[in-house]
1. Return yes when Ser309 is away from the ligand (no atom under 16 Å from the Cβ), within 21 Å of the chain's Cα centre (by Cα), in contact (Cβ under 8 Å) with a residue 40 or more places away in the chain and surrounded by fewer than 16 Cβ atoms within 10 Å (Cβ to Cβ) and no when it is not.
2. For the stretch 189-199, give me each residue that is within 11 Å of the ligand (Cβ to nearest atom) and either open to solvent by less than 20 Å² (accessible area, probe 1.4 Å) or among the basic types (Lys, Arg) (or both).
3. Got a sec? Which of Gln144, Gln186, Gln177 is at pLDDT below 80, surrounded by fewer than 20 Cβ atoms within 10 Å (Cβ to Cβ) and assigned by TED's automatic domain parsing to the domain that holds Pro94?
4. Select, from Gly219, Gly201, the only residue that is touching a residue at least 24 places away in the same chain (Cβ under 8 Å), on the phi > 0 side of the Ramachandran plot and not basic (Lys, Arg).
5. Just to be sure before I move on: is Pro36 touching a strand residue (DSSP E or B) at 6+ places or on another chain (Cβ under 7 Å) and surrounded by fewer than 16 Cβ atoms within 10 Å (Cβ to Cβ) in the structure I sent?
6. Go through the stretch 192-231 and give me each residue that's small (Gly, Ala, Ser), under 18 Å from Lys153 (Cα atoms) and in contact with a Phe, Trp or Tyr (Cβ under 9 Å, 6 or more places away or on another chain).
7. For the stretch 268-290, which residues satisfy the criterion of being more than 16 Å from the ligand (Cβ to nearest atom) and more than 21 Å from Val305 (Cβ to Cβ)?
8. It is to be established whether one or more residues within the stretch 134-152 are within 29 Å of Lys33 (Cα to Cα) and in contact (Cβ under 8 Å) with a residue 40 or more places away in the chain.
Amino acid sequence: MKYLPLNTITEEMFLAHAVFGNDGRILLNKGTKLTPAYLHRLERMAYTHLYVYESPDEKWDCTGLLSDRIRVEAIRVLHESLIRVVERKPLNEPLISFVIEGLLKDVLQAEDRVFDIIDLKTPDNYFYNHSLNVAILSVLMGRQLKLDREELKELAMGAFLHDLGKAYIKTAMKRLQDLSAKDAAQIRQHTKRGFDILRTGFSLKVANMAYQHHEREDGSGYPLGLIGVDIPLFSKIVATANAFEVMVSNPIDQERLWNDQALQKITAATPAKFNPAVVRALRQSVALYPIGSVVELTGGEQRVVVAVSTAKMVLQHPKNLSDLLELPVTEFSRIAQRVL
Ligand SMILES: [Fe+2]
């Protein structure tokens, strides 16, 4: 399995994950043979990279922590919530709560799982995937911070809905590269708007995650410029998960960072911008080299990452697919650099 740019994928390859539409429908199933027509369609949907198998017998998974069923349901609920916000209707709290339960069950199922994939975003699915990823990351971090199940649910809810205030703001849904300075100022309002939407029907903690997820420890954030002691833990978690997610999935190719670079950047901005304990939890929750990355070992040999957990990673020989190398986290120093 490899993570490849779309223009290097050939007809002999197979899709290693399902592709979803924004209504939550599966457009292409995992295992689909990539015909020219399918590749053309994916290009039109603005996919730049895909995970592919070179043989239909390959087994490695790159679906992330959520089952397809929960992913589809969550995207559908988020889509419906955006419409409700625009139509000034109250959110369907029981339905959102139901989806969050499913998300929690998936994410907490295996104790050693980490956020291990490179997300495949397009301008169309950006909002949905971003919200889901921030929710998944926040739950993983909350677990590292020893939150209990009820707290994790509240955290997941706020993380999932943290950007809902963008529903009102047309420019917030624009491509990042098309934004003007005026648009950016308008987008800043999404925090307060999110708070106002969630203040009724949800707990204050949940509403605050929308309000405070752009605040920073040193008071340099927005909208209020709160300092560390005044920012609640859940809001710090969502702020950190959000910053990381934005760095690794920037739609502008040149500005997108790899996990290791983003973790370095966030660590360098700690404790000025982020809380040290929360950043530690992030580092324990994210794969330094996600599945599909090609790394070079200190001896010069190249390997493809095919599985990652909190304890170890599995590295596959790029040609001889049955030649696997297991590297415990304690031996990560054997990796000289990320190649791809
Ligand atoms: Fe935001």
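1. Criteria met by Ser309.
2. Result: His190, Thr191, Arg193, Gly194.
3. Every option except Gln177 fails the conditions.
4. Values: Gly219 fails: touching a residue at least 24 places away in the same chain (Cβ under 8 Å).
Just one listed residue meets the conditions, Gly201.
5. Working: touching a strand residue (DSSP E or B) at 6+ places or on another chain (Cβ under 7 Å): no; surrounded by fewer than 16 Cβ atoms within 10 Å (Cβ to Cβ): yes.
No; evaluated as a whole, the condition is false for this residue.
6. Applying the first criterion (small (Gly, Ala, Ser)) to the stretch 192-231 yields 194, 201, 203, 207, 210, 219-221, 225, 228.
Restricting the remaining residues to those that are under 18 Å from Lys153 (Cα atoms) gives 201, 203, 207, 210.
Within the stretch 192-231, Ala207, Ala210 qualify.
7. Initial filter on the stretch 268-290 (more than 16 Å from the ligand (Cβ to nearest atom)): 268-272, 275-290.
Within the stretch 268-290, Ala268, Ala269, Thr270, Pro271, Ala272, Asn275, Pro276, Ala277, Val278, Val279, Arg280, Ala281 qualify.
8. no
The values are calculated or read from the model by the stated rules, or taken from the named source; none is laboratory data. What you are looking at is a predicted structure, and each value in this text was computed from that prediction instead of being measured. As a convention, Cβ positions derive from the backbone with ideal geometry for all residues, glycine included, and neighbour counts pool all protein chains shown. Side chains are part of the model used for accessible areas, which takes the heavy atoms of the whole protein and leaves out ligands, DNA and RNA. Shrake-Rupley method; radii C 1.70, N 1.55, O 1.52, S 1.80 Å.
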